[in-house]
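Peer 1: Starting off with a structure, shown below.
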Amino acid sequence: MHLTSYEIHTILTGIGKTVVIAVLANVMAFPIGIAAGMARLSRWWIVRFVTGVYIEVFRGTSALVQLFYGYFVLPQIGIHLGSMTVGTVVLALNAGAYAAETARGAIQSVPSGQMEAAAALNLSWLTTRFRIILPQAWRTMLPSFGNLAIDVLKGTSFLSLVGVPEATATITNMSLTHALKPDSAYVGLLVIYLVLSIPLVIVVHLLERRAHRHLRPVAAKAT
Amino acid sequence: MSNTSYAWSVLPALLRGLKVSVEATGLSMALALIAGVPVCLLRISRLRALRVMGVAIISVIRNTPLLAQLYVYFYVLPEFHIELSPLVVGVLGLGTHFTAYIAETYRAGYESVPAGQWEAAAALNLGRVITLGRIVAPQALRPTIPVLANYLLAMFKDTSVLTAVTVTELFGATISLSNESFRFTLLYSMMGLLYLAVCYPAGRIVALLERRLGSV
């Protein structure tokens with residue numbers, strides 16, 4: 001089977017879209033998750049309640065359902081966004097809700113003595129959170145954040161169902177128009193996602209190494 | 001028709017969809033629980049070749065989208081003259097997808113059993129099969145129960161993807177109703193509430209299980 005250069009270009013464009021959506025959604029998801037995880041532990045019940053509702057709603061339905069909700073219901077209440085924007089934001093909010101629960105657990109796993117020591121040293125609220133608690137919690141969060149990042153990549157395939165021409169949509173189209181045979185098309189699609197997940201795995205691995213660097217034994221000094 | 005009377009008139013159709021979602025979840029879970037055992041055994045095998053095979057199966061399934069996997073079953077199997085009904089394709093896709101996750105859960109449970117248990121069994125002259133089946137497996141299973149319950153919940157939500165291979169579950173039913181009446185806001189909100197009505201209480205039960213049984 002030979003693909004024309006136009007068809008190859010279409011496939012590459014689709015893969016490019018998938019990458020852009022996955023990267024943007026991931027970049028948004030983790031700050032949202034950490035912020036929501038911290039808000040879940042807030043002193044004020046109203047903040048805890050609102051984040052609780054956000055987390056339960058986004059964890060209680062699937063990303064696909066949320067995507068269709070955003071795509072069909074938002075225009076009816078006067079919010080018009082492109083399908084790619086809706087898709088990226090929905091994926092980010094969905095992963096953010098899962099990340100929030102991870103972040104909350106990780107923050108709670110930091111021994112309370114750390115908080116007390118920071119108070120004893122008269123560190124401000126901000127310094128305590130960002131210089132003492134979060135760096136330690138970050139280590140605990142990373143492995144499940146890695147899984148979530150891959151879930152976001154996989155979730156981008158749902159955007160094909162609301163007309164975003166990303167990898168899955170492109171390949172499905174080519175199979176339906178007989179530019180590709182179904183077997184090579186769909187097995188190829190699996191390979192595309194498999195290859196795209198490799199850099200994510202590597203990035204998470206590097207971040208984990210970095211987060212653990214102070215725990216590694218210092219190399220013996222040559223004398 | 002007013003919104004309220006329309007909502008009542010479509011509720012039976014949505015509930016039928018919900019029933020299909022629940023059925024698909026049950027069947028897929030049964031498949032994944034069973035298929036997870038051999039995949040886990042490959043993954044923890046002492047033979048390197050089998051271990052590599054286990055890792056390969058698990059990473060391919062976990063790193064590719066469920067939707068793409070469903071398309072493979074839906075479009076590629078007929079090429080080999082294997083014609084399956086949409087629900088069977090859906091159960092096969094969802095079941096094999098979660099097989100990878102459940103195999104890893106079994107492995108985590110297996111690894112949580114202290115080595116002393118194996119040594120004690122060896123000291124009592126128990127065979128490898130008896131040790132695995134009667135000593136290790138019962139201890140390994142306990143902490144996996146909350147994780148499996150969590151996957152059951154995730155699976156229920158993921159049945160919505162089965163719409164893409166023409167299974168009329170809750171999400172599919174909602175789409176076809178809204179394509180007729182264009183009452184997107186009402187129908188999608190009803191659907192969201194139905195999903196939440198199942199998932200929120202189920203999530204509470206999972207949290208309770210986690211506290212009671214611990215977790216791997």
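Peer 1: Would you pick out the residues in the stretch A:41-62 that are over 27 Å from B:Thr159 (Cα atoms) and either in a helix (DSSP H, G or I) or within 14 Å of chain B (Cβ to nearest Cβ) (or both)?
Peer 2: Kept after step one, since they are over 27 Å from B:Thr159 (Cα atoms), are these residues of the stretch A:41-62: A:41-50.
Hits for the stretch A:41-62 are A:Trp45, A:Ile46, A:Val47, A:Arg48, A:Phe49, A:Val50.
Peer 1: So, one more: How about the stretch B:163-175: which of its residues are surrounded by 22 or more Cβ atoms within 10 Å (Cβ to Cβ) and under 20 Å from B:Leu193 (Cβ atoms)?
Peer 2: Within the stretch B:163-175, B:Thr163, B:Glu169, B:Leu170, B:Phe171, B:Ala173, B:Thr174 qualify.
Peer 1: Looking at A:Val73, A:Val65, can you tell me which residue is within 14 Å of chain B (Cβ to nearest Cβ) and over 20 Å from the mean Cα position of the chain (by Cα)?
Peer 2: The match here is A:Val73.
Peer 1: Still on this model: Here are B:Val76, B:Val20: which of them is more than 20 Å from the chain's Cα centre (by Cα), surrounded by 14 or more Cβ atoms within 10 Å (Cβ to Cβ) and assigned to a helix (DSSP H, G or I)?
Peer 2: From the options B:Val76, B:Val20, the qualifying one is B:Val76.
Peer 1: Moving to a separate point now. Can you name the residue in the stretch B:79-94 that is within 22 Å of A:Val191 (Cβ to Cβ) and not aliphatic (A, V, I, L, M) and, of all such residues, is surrounded by the most Cβ atoms within 10 Å (Cβ to Cβ)?
Peer 2: Filtering first and then ranking leaves B:Gly93.
Peer 1: Sort out which residues of the stretch A:111-152 are within 23 Å of the chain's Cα centre (by Cα) and more than 25 Å from A:Ile202 (Cα to Cα), and write them in order of number. Write out each step before concluding.
Peer 2: Step one: list which residues in the stretch A:111-152 are within 23 Å of the chain's Cα centre (by Cα), which gives A:129-130, A:133-152.
A:Arg129, A:Phe130, A:Ile133 - these are the residues of the stretch A:111-152 that are within 23 Å of the chain's Cα centre (by Cα) and more than 25 Å from A:Ile202 (Cα to Cα).
Yes or no, residue by residue, for (1) assigned to a helix (DSSP H, G or I); (2) more than 11 Å from chain A (Cβ to nearest Cβ); (3) touching a residue at least 24 places away in the same chain (Cβ under 8 Å):
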position: B:Gln69; (1), (2), (3): yes, no, yes
position: B:Gly93; (1), (2), (3): yes, yes, yes
position: B:Trp118; (1), (2), (3): yes, yes, no
position: B:Val136; (1), (2), (3): yes, yes, yes
position: B:Ile145; (1), (2), (3): yes, yes, yes
position: B:Lys157; (1), (2), (3): yes, no, yes
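Peer 1: Of the residues in the stretch B:90-119, how many are touching a Ser or Thr at 6+ places or on another chain (Cβ under 9 Å) and aliphatic (A, V, I, L, M)?
Peer 2: 6
Peer 1: Follow-up. Within the bounds of the stretch B:156-166, is there any residue that is on the phi > 0 side of the Ramachandran plot and touching a helix residue (DSSP H, G or I) at 6+ places or on another chain (Cβ under 8 Å)?
Peer 2: Narrowing the stretch B:156-166 to residues on the phi > 0 side of the Ramachandran plot: B:166.
This time we only want the ones that are touching a helix residue (DSSP H, G or I) at 6+ places or on another chain (Cβ under 8 Å), so: B:166.
Yes - at least one qualifying residue is present in the stretch B:156-166.
Peer 1: Of all residues in the stretch B:176-186, which are surrounded by 19 or more Cβ atoms within 10 Å (Cβ to Cβ) and facing chain A (nearest Cβ under 9 Å)?
Peer 2: Correct list: B:Ser178, B:Phe184.
Peer 1: How do the helices (runs of 4 or more DSSP H) wholly within the stretch A:71-175 filter down when requiring 2 or more residues that are under 25 Å from B:Phe182 (Cα atoms) and among the hydrophobic types (A, V, I, L, M, F, W, C): which remain?
Peer 2: Output list reads A:83-109.
Peer 1: Turning to a different aspect of this structure: Is it the case that the stretch A:167-179 has a residue that's more than 14 Å from chain B (Cβ to nearest Cβ), in contact with a helix residue (DSSP H, G or I) (Cβ under 9 Å, 6 or more places away or on another chain) and closer than 25 Å to A:Val86 by Cα?
Peer 2: No: the stretch A:167-179 contains no residue that is more than 14 Å from chain B (Cβ to nearest Cβ), in contact with a helix residue (DSSP H, G or I) (Cβ under 9 Å, 6 or more places away or on another chain) and closer than 25 Å to A:Val86 by Cα.
Peer 1: Something else about it: Which pairs have Cβ atoms under 6 Å, sit 6 or more apart or on different chains, and link a residue in the stretch B:190-206 that is over 16 Å from A:Phe58 (Cβ atoms) and at the interface with chain A (Cβ under 9 Å from one of its Cβ atoms) to one that is in a helix (DSSP H, G or I) and of a type outside the set (Val, Ile, Thr)?
Peer 2: none
Peer 1: Also, I was wondering about something else. Restrict the check to the stretch B:34-43 and report whether at least one residue is touching a residue at least 40 places away in the same chain (Cβ under 8 Å), assigned to a helix (DSSP H, G or I), surrounded by fewer than 20 Cβ atoms within 10 Å (Cβ to Cβ) and charged (D, E, K, R).
Peer 2: no
Peer 1: Which ones in the stretch B:52-67 are facing chain A (nearest Cβ under 9 Å), part of a helix (DSSP H, G or I) and surrounded by 20 or more Cβ atoms within 10 Å (Cβ to Cβ)?
Peer 2: Restricting attention to the stretch B:52-67, the residues satisfying the condition of being facing chain A (nearest Cβ under 9 Å) are B:59-60, B:62-67.
Now restrict to residues that are part of a helix (DSSP H, G or I): B:59-60, B:62, B:66-67.
B:Leu66, B:Leu67 - these are the residues of the stretch B:52-67 that are facing chain A (nearest Cβ under 9 Å), part of a helix (DSSP H, G or I) and surrounded by 20 or more Cβ atoms within 10 Å (Cβ to Cβ).
Peer 1: Taking B:Ala108, is it within 14 Å of another protein chain (Cβ to nearest Cβ), surrounded by fewer than 19 Cβ atoms within 10 Å (Cβ to Cβ) and either assigned to a loop (DSSP other than H, G, I, E, B) or touching a residue at least 60 places away in the same chain (Cβ under 8 Å) (or both)?
Peer 2: yes
Peer 1: Of all residues in the stretch A:189-208, which are surrounded by fewer than 18 Cβ atoms within 10 Å (Cβ to Cβ) and closer than 30 Å to B:Ile82 by Cα?
Peer 2: Within the stretch A:189-208, A:Val191, A:Leu194, A:Val195 meet the criteria.
Peer 1: Considering each of A:Ala211, A:Ala185 in turn, give the residue that is more than 19 Å from B:Arg62 (Cβ to Cβ) and crowded, with 19+ Cβ neighbours inside 10 Å.
Peer 2: Details: A:Ala211 fails: crowded, with 19+ Cβ neighbours inside 10 Å.
After applying the criteria, what remains is A:Ala185.
Where a number appears in this text, it was derived from the coordinates with a stated rule and is not lab data. Small disclaimer: the values here were computed from a predicted structure and weren't measured. Note: ideal-geometry Cβ built from the backbone for every residue, glycine included; neighbour counts use all protein chains shown.
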